[in-house]
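See structure below.
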Amino acid sequence: MVDFLCFVEYNKRMNKSTKSGKVRYCIFLCFSIFILFFTSQCFAESSVEKDSKISSFQYIKKLNSVFDFVQQNYVDEVDPKVLYEGALKGMLDALGDPYTLYLDPNSMRDLTDTTAGSFGGVGLSISKAAESTADRPAYVEVATPIEDTPGARAGIQSGDLIVAIDGIPTPDMTMNDVLAHLRGEIGSSVTVTILRGKNMKFDVTLIRALIEVPTIKAGMIEGTKIGYARLIQFTPDTPIRLQDALDDFEKKGYTSLIIDLRDNPGGLITSVVDIADKFIDGGPIVSTKSRLLFENQQFKASADKTTVKKNIPVIVLINRGSASASEILSGALKDYHLAYLVGERTYGKGSVQQVIPLSNTDGFKITMARYYTPSDTNIDKIGIPPDYEIKNFETLSPEQEKIYMDMLNSNVITDTVEKTSGMTENDIAKAATEIKKTYDIDERIIRRLLRVQVQRTQPAALYDLDYDLQLNAAIRLIQDGHYEELVKSTKTLRQLQDEIEESK
């Protein structure tokens, strides 16, 4: 309405103006007609479009026309780099694939640092939805805390949501913003607000450190003949490190094996194939399928690379933080009935990405194929269910959540550890009993929180049998003597998916 009145007033003034004013008015009209004609020609639909089909070249031509027009006619001067990055982000986001995205120079550098094996930060593998709504805010989700890093030592768990960083809400942040806030000078601090469950919200202050990507931790379960290997991430060194552990187990006379893939976010497909080959003596390990012929591959096992004896019972521990390459290994061992899976359903990432550099500084990551287990099953967005389901942290009731939050907010855990120098397991047990008198929740959880606080300045222990219900279940299943029957009774992933389809 305001624009129309202004235009009418302008016409009145023109009618009362001098001859030079009329000339200016004519110039204004001619320029307006030219702009209308020019833009209509730039963005006019071709006859091909009327046939509902436009070639890729015509779309590119339109994009180029809009790019030029905006740069030349926008009210403020525009940096072409802003338009370039915005166009690429929009194009890749339009695919609706969280793993296909533009990598600006900062993201590209972060990815290079991670692949190289070390980077600065807090040690959390995270994901974030592209869109935020009132019903589903785009919080930052912790996929996995990296072993022996500030995030893991602070007790942050897979599935925790980061709702704010240094008081700034995360739903309105881009992933680049999140990374920029989490990373910083080594020794500096950052405070993340964690939402666990529906109502448990609390702040955790983390001290940034040099993050080195580890590969494996291994040792014998004390008092048993069970070898235990926790695969933290699949890097080029992981197969070698695992074989070193297997050789050590052999010297110590191991009779069974636990492979821990919990909170393992994945890694290199070549690495996981080499590891699977140590257990599988023939047949496919994993297949990749795509509309691109060169992306269709099948990775097969060979008997001469198998190093784990057939008579060795193998249990694989999984949880919601087990993703990608972790799912390739657990899926292959399950399909061949070579291992029994214990824990929780895995993350469900069944696609393969490649990073394409666009220059020396930026690039993009794109999904090129999907992978399939030996039974020809893709688990993307579905995950792999355990053969025996058990959680380490059961859902708390609203009353228990309130008690838990009151305990955290009281700082009783931190204060107790600070008052007792060099806390032993016996000290932790006594302290937990005392704390429970005020905060009536499971002592196992209190002991775990105390232990995490004690270990914040120490390397993480190989395992925690006091807290780890899943590991205890794996040990019990091995020692019960019914392992062979259990494994034979399991179903392949294809059989499980077929049952789901039939029940619909």
- prompt: Could you list, in sequence order, the residues of the range 223-240 that are closer than 15 Å to residue 317 by Cβ and of a type in the set (Phe, Trp, Tyr)?
  reply: 228
message: Testing residue 400 on (1) in a helix (DSSP H, G or I); (2) of a type in the set (S, T, N, Q); (3) free of Cβ contacts under 8 Å to residues at least 40 places away in the same chain, one condition comes back false. Which one is that?
response: (3)
- request: Return only the number of the condition from (1) part of a loop (DSSP other than H, G, I, E, B); (2) under 15 Å from residue 380 (Cβ atoms); (3) in contact with a strand residue (DSSP E or B) (Cβ under 7 Å, 6 or more places away or on another chain) that residue 345 does not satisfy.
  value: (3)
- prompt: Given (1) without any contact (Cβ under 8 Å) to a residue 24 or more places away in the chain; (2) more than 24 Å from the chain's Cα centre (by Cα), where does residue 394 come up short, assuming only one miss?
  reply: (2)
statement: Expected single match for surrounded by fewer than 18 Cβ atoms within 10 Å (Cβ to Cβ) and hydrophobic (A, V, I, L, M, F, W, C) among 229, 152, 180, 164 is 180
query: Can you spot a residue in the range 119-126 that is modelled with pLDDT under 80 and either closer than 24 Å to residue 209 by Cα or assigned to a strand (DSSP E or B) (or both)?
result: yes
statement: Picked from the range 211-226 (must be within 20 Å of the chain's Cα centre (by Cα) and either more than 12 Å from residue 264 (Cβ to Cβ) or open to solvent by 40 Å² or more (accessible area, probe 1.4 Å) (or both)), the residue modelled with the highest pLDDT is 211
task: Scan the range 130-142 for residues that are open to solvent by 20 Å² or more (accessible area, probe 1.4 Å) and under 11 Å from the mean Cα position of the chain (by Cα) and report the count.
output: 1
query: If you check residue 500 against the conditions, is it out of contact with any His (no Cβ under 7 Å at 6 or more places or on another chain), at pLDDT 95 or above and either of a type outside the set (Phe, Trp, Tyr) or surrounded by 13 or more Cβ atoms within 10 Å (Cβ to Cβ) (or both)?
result: no
Pairs where the first residue, in the range 350-371, is farther than 19 Å from residue 107 by Cβ and the second is loosely packed, with under 12 Cβ neighbours inside 10 Å, C-beta under 7 Å, 6+ apart: none
field: Residue satisfying all of: in the range 247-264; open to solvent by 10 Å² or more (accessible area, probe 1.4 Å) and in a helix (DSSP H, G or I); nearest to residue 463 (Cα to Cα) among these
entry: 248
message: With the structure loaded, tell me whether residue 349 is buried (at least 21 other Cβ atoms within 10 Å of the Cβ) and under 30 Å from residue 85 (Cβ atoms) or whether it fails that test.
response: yes
- prompt: Taking the condition over 21 Å from the mean Cα position of the chain (by Cα), open to solvent by 50 Å² or more (accessible area, probe 1.4 Å), more than 22 Å from residue 467 (Cα to Cα) and not hydroxyl-bearing (Ser, Thr, Tyr), does residue 406 pass?
  reply: no
- prompt: residue 378 versus (1) modelled with pLDDT of 95 or more; (2) open to solvent by 40 Å² or more (accessible area, probe 1.4 Å): which is the lone unmet condition?
  reply: (2)
Whichever residue in the range 417-460 is β-branched (Val, Ile, Thr) and either open to solvent by 90 Å² or more (accessible area, probe 1.4 Å) or farther than 24 Å from residue 147 by Cβ (or both) and, among such residues, is modelled with the lowest pLDDT: 457
- request: Mind listing just one residue for me: the one in the range 461-476 that is among the aliphatic types (A, V, I, L, M) and assigned to a helix (DSSP H, G or I) and, of those, surrounded by the most Cβ atoms within 10 Å (Cβ to Cβ)?
  value: 474
message: Can you pull out every residue in the range 55-78 that is assigned to a helix (DSSP H, G or I), over 36 Å from the mean Cα position of the chain (by Cα) and among the charged types (D, E, K, R)?
response: 61, 68
query: What do you reckon, is residue 479 surrounded by fewer than 16 Cβ atoms within 10 Å (Cβ to Cβ) and touching a strand residue (DSSP E or B) at 6+ places or on another chain (Cβ under 9 Å)?
result: yes
query: Is it true that some residue in the range 271-293 is assigned to a helix (DSSP H, G or I), under 24 Å from residue 492 (Cβ atoms), open to solvent by 70 Å² or more (accessible area, probe 1.4 Å) and at pLDDT 95 or above?
result: yes
- request: Mind counting the residues in the range 483-497 that are without any contact (Cβ under 8 Å) to a residue 12 or more places away in the chain, surrounded by 11 or more Cβ atoms within 10 Å (Cβ to Cβ) and either more than 28 Å from the chain's Cα centre (by Cα) or in a helix (DSSP H, G or I) (or both)?
  value: 1
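The values are calculated or read from the model by the stated rules, or taken from the named source; none is laboratory data. Just so it is clear, the model here is predicted, and its values are computed rather than measured. Cβ: placed from backbone, ideal geometry, glycine included. Neighbour counts: every protein chain shown. Surface areas here come from the heavy atoms of the whole protein model, side chains and all, with no ligands, DNA or RNA. Shrake-Rupley method; radii C 1.70, N 1.55, O 1.52, S 1.80 Å.
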